[in-house]
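FYI, it's all coordinate maths here, none of it is from the lab. This one's a predicted model, so the numbers in the text were calculated from it and none came from an experiment. Heads up, the Cβs are rebuilt from the backbone with ideal geometry, glycines too, and the neighbour counts pull from every protein chain shown.
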Amino acid sequence: MKKEFAEININNYFESIEFSDKFFKYYTELNRSLCEKDIELEEWQKNILKYSIDLKINMRYI
């Protein structure tokens with residue numbers, strides 16, 4: 001396993017988490033771009049998204 005990690009320049013646990021995050025974000029965006037119709041969120045998903053955005057904005061000023 002260390003050999004495979006060295007090939008993609010991952011030296012510790014946190015770098016592997018960061019790599020995984022970027023990997024999944026890339027494929028999520030790729031999937032969205034290939035969808036023919038827009039994804040429609042349920043009301044509860046809209047509320048969570050709004051809360052998440054508000055929280056990120058508030059964290060900038062704390």
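A few comments on the model shown:
- Principal axis analysis of the Cα atoms in the chain yields extents of 46, 40, 16 Å, listed in decreasing size.
- GluC sites (Glu not before Pro) within the stretch 1-53, DSSP loop, no more than 13 other Cβ atoms inside 10 Å: Glu36, Glu40, Glu42
- Under-23-angstrom lysine pairs by C-alpha in the chain, whenever the two are 8 or more apart or on separate chains: 11
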